[in-house]
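Every number here is computed from the coordinates shown, using simple stated rules; none is lab data. Here the structure is a predicted model, which is why all the values come from computation and not from measurement. Cβ placement follows ideal geometry from the backbone for every residue including glycine, while neighbour counts extend to all protein chains displayed.
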Amino acid sequence: MRAAGIRTLALVLAAVAIGCGGAPPEPNAEPVIGVKIYETDRDLPELFNEWRELGVNTVFVARKLASRDEFHALAARNDIEVFVIFPVFYAPEELEENPDLWAIKTDGGRAKEEWVEFACPNRREFRAQRVHEAVEIARMCQPAGLSIDFIRYFSFWEMVAPDRNPATLPDTCYCPVCLQAFAEFAVVERASIPTDPQLAAEWIAANVADRWVDFKCATITSLASEIAAAVRDFDPGIAVNLHLVPWRADDFDGAITRITGQDRAALGGLADFLSPMCYSFMLHREPAWIASVVEDVSRVTSCPVLPSIQVAAAYREGESVSSTEFEACLRAALEPPSAGVVFWSWDHIEADPAKASVIRRVVGGRG
């Protein structure tokens, strides 16, 4: 499974879907079996052997690890694709250096909850720098794919439970740059929009709420498009994966577009994969919910959908994900029309041999 082949498959599926006026058929191709890994001090040949034994054919890695010559060589030798994870608007280092970059919530505060720190999505220099960085990753790491993360407006979605009141989700960005850009996008007088974030949000909600959502989606889609085009100009064979917040179309009063600005149909038109982060245990959802998210995304795009699932508990103090629940999640993630599964993360699999046994049994190793 090579990157160019991935995109060819995606384009063929899209053509079939358009020609037939319906959803694409299940692809006759090897499913993606991926793991996310950010760093490791393991012996790399041993690590790659373990991945092959589990049936892993794709790894989603941090830039530093992907740039190691030995890692790159072993991936090629073992026929394992490497996707480099590339965070976009999550920017703690840049925000520390330049506080003016912070995205602003309706209450005038910075777009920050716990570790989640977001930059304003409409700063031209910042956006241009991210495009440049993406090309540098393609140049230095020569990966099979770029896995674009945090390509959205601010939300600490990991802590949004099913019963959350949609009105309490923080909305961004109401900084002067965004309000000016929105005025131009919506063709309204800038003076009509109050400068105070709270008052601006109230005015927009009362007068041009739909245009605000359109603006947010255009902001995200345009940068995703620029990044994808730039890396493909450098390497026509590179694949592009886009991480999605795992909200279905109607969840939280349309928050997938209203809050995050992720237009899944538009994003699917420029990506090789869309990857919703279906961390069901974290979000107090049943395993079957994972398949419902994949199906919901597939309704609006012919782009292959690659769900990511969690291996161990997070944000639920004192609780754990049983092997039985993990297996149910894995099987739900692989239900058609899924393109495969990505495990978050490898260190959790290493720490739990029972989970590794589940993967081996359900997926099957490659020897």
Item to check | CD proxy at 222 nm, helix term only [per DSSP H run n ≥ 4: -39500 (n - 2.57); per residue of the chain; nearest 500] | outcome: -13000 deg cm²/dmol
Checklist entry - In region 84-111, which residues have a backbone nitrogen under 19 Å from the label point lying 7 Å from E202's Cα in the Cα-to-Cβ direction? => result 105-109
Checklist entry - Per 5 Å bin, what percent of the C-alpha pairs of region 265-344 does each bin hold, from zero upward? => result 3, 18, 29, 22, 14, 9, 5, 2, 0
Next on the checklist: Give me the extension gain from K64 to E286: residue separation times 0.36 nm, minus the current Cα-Cα distance, reported in nm with one decimal.
Outcome noted: 76.4 nm
Checklist outcome for this item: Diffing region 278-287: the Karplus 3J(HN,Hα) column from phi (6.51, -1.76, 1.60, θ = phi - 60°), in whole Hz with x for Gly and Pro, holds 8, 8, 5, 5, 4, 9, 6, 10, 6, x
Next on the checklist: Straight-line reach from K216: which lysines fall under 21 Å, measuring Cα to Cα and dropping same-chain residues less than 8 apart?
Outcome noted: K105, K112
Checklist entry - What angle do you read, to the nearest 10 degrees and between 0 and 90, between the alpha-carbon axis of helix 353-363 and the longest principal axis of the chain? => result 90
Checklist entry - Taking the Cβ-Cβ separation of V188 and R124 as r and a Förster radius of 30 Å, what is the calculated FRET efficiency to the nearest 0.05? => result 0.90
Checklist entry - Quick one: if the Förster radius is 30 Å, what FRET efficiency do D210 and V116 give, using the C-beta to C-beta distance and rounding to 0.05? => result 0.65
Item to check | the chain: Cα Rg divided by the 2.2 N^0.38 Å rule of thumb | outcome: 0.98
Item to check | Lys/Arg +1, Asp/Glu -1 at C-beta; region 227-367 dipole; positive extreme among V300, G340, V245 | outcome: G340
Checklist outcome for this item: Cross-link reach from K36 to lysines, straight Cα distance under 17 Å and at least 8 residues apart if same chain, gives K64, K355
Checklist entry - Summing Lys, Arg as +1 and Asp, Glu as -1, what charge do residues with Cβ under 12 Å from the Cβ of E350 carry, E350 excluded? => result -3
Next on the checklist: So if I take the centroid of the Cα atoms in region 28-52 and the same for region 120-181, what is the distance between those two points in Å?
Outcome noted: 27
Checklist entry - For region 269-311, what relative contact order do you get, as a whole percent, if you take Cα pairs closer than 8 Å and at least 6 residues apart? => result 57
Checklist outcome for this item: Packing-ranked peptide list from 281-293, 62-74, highest mean Cβ count within 10 angstrom first, is 281-293, 62-74
Checklist entry - For the Cα atoms of the chain, what angle does the longest principal axis make with the long axis of helix 197-207, in degrees from 0 to 90, nearest 10? => result 90
Next on the checklist: I'd like the distance between the alpha-carbon centres of region 63-106 and region 293-367, rounded to an integer number of Å.
Outcome noted: 22
Checklist outcome for this item: The set of residues whose placed amide H lies less than 5 Å from the amide H of W102, leaving out same-chain residues fewer than 5 positions away, is C120
Next on the checklist: At a 10 angstrom cut-off on C-beta neighbours, averaged per residue, how do the peptides 226-235, 141-150 rank from highest to lowest?
Outcome noted: 141-150, 226-235
Checklist outcome for this item: Here the percent of antiparallel bridges among DSSP beta bridges lying wholly in region 219-367, to the nearest 5, is 0
Checklist entry - At what distance in nm do the modelled label points of R316 and N98 sit from each other, each positioned 7 Å from its Cα along Cα→Cβ? => result 4.1
Checklist entry - Which percent, to the nearest 5, of DSSP beta bridges fully inside the chain are antiparallel? => result 15
Checklist outcome for this item: So the pair-distance distribution of region 227-367, from every Cα-Cα distance in 5 Å bins, comes to percents of 2, 10, 19, 20, 18, 14, 10, 6, 1, 0
Next on the checklist: Helix 209-234 against the longest principal axis of the chain: what's the angle in degrees, Cα atoms only, rounded to the nearest 10?
Outcome noted: 50
